[in-house]
Amino acid sequence: MDTLFQFPATVRDVSLKPNRSAMVKLETQEEMTDEMIAKIATYVGKTGWAMVAVERIDPYNVSSLPALPKDGKGRTASQRLRQVLWRVAEQNGIPEEKRDEFYLKEMEAIIQMIMGRLEDDGLEYAANISKV
């Protein structure tokens, strides 16, 4: 499993967003080699899997993780949708500080539209999910 890149790190901060996504800030106390810095730089802007453990992770103990479905540009469906909604907000002159709110409102409208396709049993199920 040569795609697994490990380095000792401390979780320094976790920022939670209204859409239930999170930003995790890691810090290493170790001196990073040029090779390590170059390797970690290749991950900037890419979507993948993250693991946190208090001991070094044995690659043989990591179960095979499913690939994230991506388009031709390496984006997941949710990344594409967020990008499209961000662009719509931009074109409509919505200020940057209001775009997260716009995103959540638009996502709720999309969810409601899809829920409208459900039969009665599905509506009850979907209503309960949206309360979670």
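Quick note: the coordinates plus some simple rules give every number you see, no bench work behind them. Bear in mind that the values here come from a model prediction, so they are computed numbers and not experimental data. Virtual Cβ from ideal backbone geometry, glycine too; neighbours counted across all protein chains shown.
Which order results if Phe7, Phe102 are arranged by neighbouring Cβ count within 10 Å, fewest first?
On the way: Phe7 12, Phe102 17.
Ascending Cβ contact count within 10 Å gives the list Phe7, Phe102.
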What is the set of long-range amide H partners of Leu26 at a cut-off below 5 Å, with H atoms built 1.01 Å from backbone N? Arg12
